Amino acid sequence: MVGHNQRVDAAETLISVDVETGGATPGDYALLSIGACLVDDPERTYYVELRPEDKRTTLEALEVSKLSLDVLRTMGVPPDEAMPQFAAWVAEVVPEGHRAVFVGFNAAFDWMFVADYFERYVGRNPFGHSPLDIKAFAMGRLGSTWAETSMKVLGPKYLSGRPLAHHALSDAQDQAALFRALYDEPAHAHDD
């Protein structure tokens, strides 16, 4: 990623990832969809809707994602097929010798589902153990408070005010645009 006067590690490939789930934690709730794109080339994408595991779901989560458990049970890709496909896509878009960096908006949430499913269905997580969180990045870059990193605050300035669609691929692409805009923003000057 090239911004103005930024130090760039050419051996990193930033991948924006978003998920839709049946609830708050991977131990109790199923991963329902994954969307991913390259931060610097958001048209290079991966998207899958998964057949849900036999876990609980919350009505609130399904209302947000607009996904149907009935449709996913018949049309969703089994996790033991979807996760190796996702790992293969990551390997395809990340040049040899580069490290895949997971980038997410509230990355801890999305990463924990992806990490759990990769470990269980692939045996390894191609992103490793350290996601890059856009909210934390914004806080440092802008010198803002945590509350000022909400999409309500950042969306109008960096995404023309459009809300996240809660569709994993569309949201991953919007997150990539948000991260690129924040990356190009001049760093907050600290008073010493």
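For the pair T145 and S68, what calculated FRET efficiency results from E = 1/(1 + (r/R0)^6), where r is the Cβ-Cβ distance and R0 = 41 Å, to the nearest 0.05? Mind showing how you got there, number by number?
Details: r = 38 Å, r/R0 = 0.93.
Given R0 = 41 Å and the Cβ-Cβ separation, E is 0.60.
Please list, or write none, the lysines whose alpha carbon is within less than 20 Å of the alpha carbon of K135, excluding same-chain residues fewer than 8 places away.
In chain and number order, the partners are K152, K157.
Would you work out the Kirkwood radius for the chain? I mean one over the mean of 1/r across all pairs of different Cα atoms, in Å. Can you show the working numbers first?
Working: mean 1/r = 0.0582 Å⁻¹.
Roughly 17.2 Å, rounded to one decimal.
As a test of the formula, what do you get for the chain when each DSSP H run with n ≥ 4 contributes -39,500 (n - 2.57) and the sum is divided by the residue count, at 222 nm and rounded to the nearest 500 deg cm²/dmol?
The helix contribution divided over the chain gives -12500 deg cm²/dmol.
Could you pull out every one of the aspartates and glutamates with an alpha carbon less than 13 Å from that of K66, ignoring same-chain neighbours closer than 8 positions?
Counting by Cα, and skipping residues close in sequence, K66 has these aspartates and glutamates nearby: E20, E49.
In a shell of Cβ-Cβ distance under 14 Å around M83, excluding M83 itself, what net charge do Lys and Arg (+1) and Asp and Glu (-1) give?
Neighbourhood net charge equals -3.
How large, in percent, is the carbon and sulfur part of the accessible surface of the stretch 109-189 at a probe radius of 1.4 Å? Let's see the in-between values first.
On the way: 2290 of 3820 Å².
After summing per-atom areas, the C and S share lands at 60 percent.
What's the local net charge at R73, with K and R +1, D and E -1, over the other residues with C-beta under 14 Å away?
Summing Lys and Arg as +1 and Asp and Glu as -1 gives -2.
How far, in degrees from 0 to 90, does helix 107-121 lean away from the longest principal axis of the Cα atoms of the chain, to the nearest 10?
40
Using a 1.4 angstrom probe, figure out how much accessible area the chain has per residue, in square angstrom, rounded to the nearest whole.
Working: 9660 Å² over 192 residues.
With the other protein chains kept in place, the chain gives 50 Å² per residue.
The values are calculated or read from the model by the stated rules, or taken from the named source; none is laboratory data. Only a predicted model underlies this, so the values are computations on that prediction, with no experimental measurement involved. Counting neighbours? That spans all protein chains shown, and the Cβs are built from the backbone with ideal geometry, glycine included. Just so you know, the surface numbers come from the protein's heavy atoms only, side chains and all, with ligands and any DNA or RNA stripped out. Shrake-Rupley method; radii C 1.70, N 1.55, O 1.52, S 1.80 Å.
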